Amino acid sequence: MDPIEPIHSEDGPQSGHEAPLPVGATDLEQAILSRLDDDKAQDIVLIDLKGKSPMADTMIVASGRSHRHVGALADHLQRTLKEQGLGKVKVSGLPHCDWVLLDAGDVIVHLFRPEVRAFYNIEKIWSVDSGHRVDARA
């Protein structure tokens, strides 16, 4: 997996092809990506942080359509992480649900409303193509 190549799923079918989900290397990453996809998260990006940051091995960034959607995504991910044996993960941002961060140790998940995600543009910080609305297959 190329550590800086974003793969996105929010665009839906284009030219008869469904946008592929990012592929997680670990069971935990795969479980998170699957849960986000099942819950209709938008613009899912997996960023490989190995060798770039000591805080985590992977960062997953996704968007929800509204405050309520971001909150539901976070709630469902907490349940999924508990099922993966992580117990209670550290969560920040739940009261407002503009930007929710879930710290699962080796994997950090950022959930945004689209406007907030565009403002902070954390993909750019980690050298991921910030034009994340562009079809990654092109």
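The values are calculated or read from the model by the stated rules, or taken from the named source; none is laboratory data. Since the structure is predicted, the reported quantities are computational estimates derived from the model, not experimental observations. No Cβ is skipped: glycine too gets one built from the backbone with ideal geometry, and neighbour counts run over all protein chains shown. Accessible surface is based on the protein model in full, side chains and every heavy atom, while ligands, DNA and RNA are left aside. Shrake-Rupley method; radii C 1.70, N 1.55, O 1.52, S 1.80 Å.
For Glu83, Glu29, give the ranking by accessible area with the largest first, probe 1.4 Å.
Output order, biggest surface exposure first: Glu83, Glu29.
Only bridges with both residues in region 22-123 count here: give the DSSP antiparallel percent, nearest 5. List each step's numbers first, then the result.
Details: 13 of 19 bridges.
The answer is about 70 percent antiparallel.
Please give the solvent-accessible surface of Leu94 in Å², to the nearest 10, using a probe radius of 1.4 Å with every protein chain present.
Rounded to the nearest 10, that gives 60 Å².
Using a 1.4 Å probe on the protein heavy atoms only, what accessible surface does Ser66 show? Give it in Å² to the nearest 10.
Ser66 has an accessible surface of roughly 50 Å² with all protein chains in place.
Using a 1.4 angstrom probe with every protein chain in place, what is the largest-first accessible-area order of His67, His110, His96?
Ranking His67, His110, His96 by accessible area, largest first, yields His96, His67, His110.
Would you mind computing, in nm to one decimal, how far apart the modelled labels at Gln84 and Phe119 are, each placed 7 Å from Cα along Cα→Cβ?
2.8
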